[in-house]
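Asker: This is the structure I have questions about; it appears just below.
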Amino acid sequence: MTDSTKVSLGQLTTEARNPLTQDLDNLSALEIVKVMNAEDKKLAAAVRKVSEPIAKAIDVIADRLSRGGRLIYVGAGTSGRLGVLDAVECPPTFNTDPAMVIGLIAGGPKGLLQAVEGAEDSREMGCRDLQLLELSGLDVVVGIAASGRTPYVIGALDYARETGAIAIAFSCNQDAEIAGHADLSIIPLVGPEVLSGSTRLKAGTATKMVLNMLTTGAMVRMGKTYSNLMVDLRATNTKLVERATRIVAAAASCTLDEARELLVRCDGEVKTAIVSHSSGVSPDEARARLKSVGGYLRQALGLTLALTGEDKK
């Protein structure tokens, strides 16, 4: 079934012709680079203007995830692919369960590599895909649609609200239709694309900027970092093992060799290694201290100082 939408494609800012690039086909390669770079410079300012709704979304996501909920991105085409990209980077970066942050794209896995005809035009498919995930009231659904009118996303947001999940809309067009189907909206206005209607460009870049903020901000709020270090990373390859070693050395003020030995003793757990070394306790005791403060490393290290102070008394 194909659903009609309230706003026609021709009315969207992201579909408008950019007056600064109307001679695009006459430009040299260097001139194309410069004009695209000039347009991309505008994106940080556009995202900055929606800082408050982004921050609200971060707090909502962190709260729901900490209570066992999930973050589910829903989108079609470029929007869906960017949601999937952000989701799959969370386990290695923050050592999260792959089921905690999920990316859904219209047309399923096939839609990652090629367009699936009609998939994005069905509200029912957006609803069905969330039903297959057994959506709950603890979950957060972020519907991503640069145009702000994608039926697949609208169907998903409607179902999210019916279920009691938090529905967040992301679009790059003012008065986006999906905003009326969400509890919270994030709408950076990026203006006309360099290539008219090609929302994989400025809109796509702004989308990635915001999704980066949502997951990174939520994970920071949940204690997945210490200072600006990713202390919950999952060391699944040689590069990440080396990164984990450097993080332990920096946070625990020890040598790289000591950090490697600590990680071996602590089963590769970065936080455990840092607490164990800094507190002079066994890995098991370090894990216990971390568990007692919900996994927040800064608090676990503070607990160590408090216990040390009590011992001195």
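Asker: Which is in contact with an Asp or Glu (Cβ under 7 Å, 6 or more places away or on another chain), crowded, with 18+ Cβ neighbours inside 10 Å and within 19 Å of Thr96 (Cβ to Cβ), of Leu201, Leu211?
Answerer: Answer to the selection: Leu211.
Asker: Right, here's the next one. Cβ-Cβ under 6 Å, sequence separation 6+ or interchain: first residue in the stretch 1-30 and within 19 Å of Pro188 (Cα to Cα) and polar (S, T, N, Q), partner part of a helix (DSSP H, G or I) and modelled with pLDDT of 90 or more. Which pairs?
Answerer: Sorted first by the residue in the stretch 1-30, then by its partner, the pairs are Thr14/Ala203.
Asker: So in the stretch 254-293, with the set limited to residues that are touching a helix residue (DSSP H, G or I) at 6+ places or on another chain (Cβ under 8 Å) and on the phi > 0 side of the Ramachandran plot, which one is surrounded by the fewest Cβ atoms within 10 Å (Cβ to Cβ)?
Answerer: By that ranking, first place goes to Asp267.
Asker: When you scan the stretch 56-116 for helices (runs of 4 or more DSSP H) that lie fully inside it, which ones turn up with 1 or more residues that are within 23 Å of Gly148 (Cα to Cα) and in contact with a strand residue (DSSP E or B) (Cβ under 8 Å, 6 or more places away or on another chain)?
Answerer: Where helices (runs of 4 or more DSSP H) fall fully within the stretch 56-116 and carry at least 1 residues being within 23 Å of Gly148 (Cα to Cα) and in contact with a strand residue (DSSP E or B) (Cβ under 8 Å, 6 or more places away or on another chain), they are 77-88, 110-113.
Asker: Run down Arg200, Arg260, Arg246 and say which single residue is in a loop (DSSP other than H, G, I, E, B) and either of a type in the set (A, V, I, L, M) or touching a residue at least 12 places away in the same chain (Cβ under 8 Å) (or both).
Answerer: The conditions single out Arg200.
Asker: Looking at the stretch 142-169, which of its residues are among the charged types (D, E, K, R) and either touching a residue at least 24 places away in the same chain (Cβ under 8 Å) or touching a Lys or Arg at 6+ places or on another chain (Cβ under 6 Å) (or both)?
Answerer: Arg149, Asp158
Asker: Which one of these is of a type outside the set (A, V, I, L, M), surrounded by fewer than 19 Cβ atoms within 10 Å (Cβ to Cβ) and at positive phi: Gly137, Gly118, Gly107, Gly77?
Answerer: Of Gly137, Gly118, Gly107, Gly77, the one residue that is of a type outside the set (A, V, I, L, M), surrounded by fewer than 19 Cβ atoms within 10 Å (Cβ to Cβ) and at positive phi is Gly118.
Asker: Out of Ala179, Ala167, I need the residue that is modelled with pLDDT of 95 or more, buried (at least 20 other Cβ atoms within 10 Å of the Cβ) and outside any loop (DSSP other than H, G, I, E, B). Which one?
Answerer: Unique residue meeting the criteria: Ala167.
Asker: List the residue pairs whose Cβ atoms are under 8 Å apart, where the first residue sits in the stretch 61-81 and is more than 29 Å from Ala115 (Cβ to Cβ) and hydroxyl-bearing (Ser, Thr, Tyr), the second is modelled with pLDDT of 95 or more and in a loop (DSSP other than H, G, I, E, B), and the two are 6 or more positions apart or on different chains.
Answerer: Ser66/Met222
The values are calculated or read from the model by the stated rules, or taken from the named source; none is laboratory data. Everything numeric here is computed off the predicted structure, so don't read it as measured data. Every residue, glycine as well, gets a Cβ built from its backbone with ideal geometry; the counts of neighbours run over all protein chains shown.
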